[in-house]
Amino acid sequence: MVLNRCIALFLLFCCFSVLLNAQTKEKGNTFGLINLERHQFRFDLLSPGFSYELGLFKNVSASGGLGLGYATYEEGYAVGLTLHTRVRYYHNFSRRIARSKNVSGNSGNYIAAARSIFFSQLRLGTDIEGPDDFNLGFYGATYGIQRTYKNGFNFNAELGAGYYQGDGVPNGYGPLVNFTFGWVATKRKSRKPVFD
């Protein structure tokens with residue numbers, strides 16, 4: 001119980017630190033979004049689903065989506081449709097711009113506070129012992145890479161670790177691996193980077 005609160009406070013502290021450092025605004029830009037997309041809606045093709053990413057500050061976005069997920073921790077695994085939410089901090093836009101690389105469509109590397117909920121009603125398979133109607137939540141941190149290409153195709157790969165909290169099953173620690181491939185349906189900023 002105390003460990004759970006410490007982890008939650010640490011993640012909250014990290015998120016606030018990132019948000020406070022990212023509130024620098026560009027002149028003439030209401031939201032301070034220089035290279036980050038204000039809105040990005042994506043259809044995921046490999047794992048059927050969708051996601052939406054909202055640019056909040058200079059390099060910070062919030063995203064959420066529904067798609068196929070795989071949970072694995074000390075107690076076993078669960079596979080099924082999963083609700084994912086992230087607060088992302090993109091750390092390498094300036095370096096990508098300096099190398100004349102694409103930043104359109106939030107093409108960059110990021111660190112994120114992550115939450116994923118595996119609902120019993122949407123589960124396809126599991127080997128976790130417990131009642132049939134258990135839910136499982138992941139709370140942790142991830143490192144990810146996202147790229148969006150000129151034709152709108154997008155891939156996102158994440159690797160992280162965190163705490164799995166079971167509703168009706170035991171809790172535990174484990175990794176998170178997530179990969180999506182899809183198509184961005186919203187208009188993207190020019191592929192020409194804006195210098196900050």
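Read-outs: derived from the displayed coordinates by stated rules, not from any lab. Computed from a predicted structure; not experimentally measured. Quick reminder, even Gly has a Cβ in these numbers, built from the backbone with ideal geometry, and neighbours come from all protein chains shown.
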Next item on the list: Could you pull out every residue, at least 5 positions away or on a different chain, whose amide H is within less than 5 Å of the one on LEU56? Hs are placed 1.01 Å off N in the peptide plane, and Pro or chain starts have none.
Entry: SER61, ALA62
Note to self: Placing +1 on the Cβ of each Lys and Arg and -1 on the Cβ of each Asp and Glu in the stretch 104-159, which of TYR149, TYR110, ASN135 has its Cα farthest towards the positive end of the resulting dipole?
What the structure shows: TYR149
Next item on the list: Would you mind getting the Kirkwood hydrodynamic radius of the stretch 53-196 from its Cα pairs, rounded to one decimal in Å?
Entry: 16.2 Å
Check: So what are the ³J(HN,Hα) numbers for the stretch 36-50, from phi and the Karplus equation (6.51, -1.76, 1.60; θ = phi - 60°), rounded to whole Hz, Gly and Pro as x?
Finding: 7, 6, 6, 9, 8, 10, 10, 9, 8, 9, 5, 10, x, x, 8
Item checked: Backbone HN-Hα couplings from phi across the stretch 112-124 [Karplus 6.51/-1.76/1.60, Hz, Gly and Pro as x] -> 9, 7, 10, 9, 9, 10, 9, 8, 5, 5, 10, 6, 9
Next item on the list: Would you mind computing, in nm to one decimal, how far apart the modelled labels at ARG99 and PHE179 are, each placed 7 Å from Cα along Cα→Cβ?
Entry: 2.1 nm
Check: Which aspartates and glutamates have a Cα less than 19 Å from the Cα of LYS189, not counting those fewer than 8 places away in the same chain?
Finding: GLU26, GLU37, GLU53
Note to self: Testing the spin-label approximation: label points 7 Å from Cα along Cα→Cβ at ILE145 and ASP133. State their distance in nm.
What the structure shows: 4.3 nm
